[in-house]
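Novice: The following block contains the structure, expressed as structure tokens.
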Amino acid sequence: MAFVRYYVGDVVKMKKSHPCGSAEWEVKRIGTDFTIVCQGCGHQVMLSRPKFEKAVKKIVLRSAEAEAAEAARKAETVKVSAESNVDVNSSDKVQEGDAVD
């Protein structure tokens, strides 16, 4: 199972709907516990991380903070992979008469 990152401002759809009829919640606080706010009636609920992660069906809307963090993470991954593809021996020139194994 893939690790999913949640950010403050994300709107998530839960497996079960709230009594007001809405199944969409906005994440207000993350950490050991999550604070979420119902998009239908504004009711605020605090859930433990395992309970929250089990109850989330999908992320409906990513926050601007999440988009920026994902873009930065992808850029860092590309930078690291580009650095790892550098040929260490490319600066060493083989001269005539050198033994090559």
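Please treat every number below as a calculation from the coordinates, not as lab data. In this text the structure is predicted, and so the values were computed from the model without any measurement. Note that we place each Cβ from the backbone using ideal geometry, even for glycine, and neighbour counts take in every protein chain shown.
Novice: Most exposed first by the Cβ proxy, i.e. fewest other Cβ within 10 Å, how do VAL4, VAL37, VAL12 rank?
Specialist: Working: VAL4 10, VAL37 17, VAL12 22.
Ascending number of Cβ neighbours within 10 Å: VAL4, VAL37, VAL12.
Novice: Here is a follow-up. What is the set of long-range amide H partners of PHE34 at a cut-off below 5 Å, with H atoms built 1.01 Å from backbone N?
Specialist: The answer is LEU47, SER48, ARG49.
Novice: Expected output is a single nm value to one decimal: the length gained when fully extending between ALA2 and GLU70, i.e. 0.36 nm times separation in residues minus the C-alpha distance. What is it?
Specialist: Residue separation times 0.36 nm, minus the Cα-Cα distance, leaves 23.0 nm.
Novice: From the alpha carbon gyration tensor of region 1-49, can you work out the equivalent ellipsoid semi-axes (sqrt of 5 times each eigenvalue) and give them in Å, largest to smallest?
Specialist: 18, 12, 9
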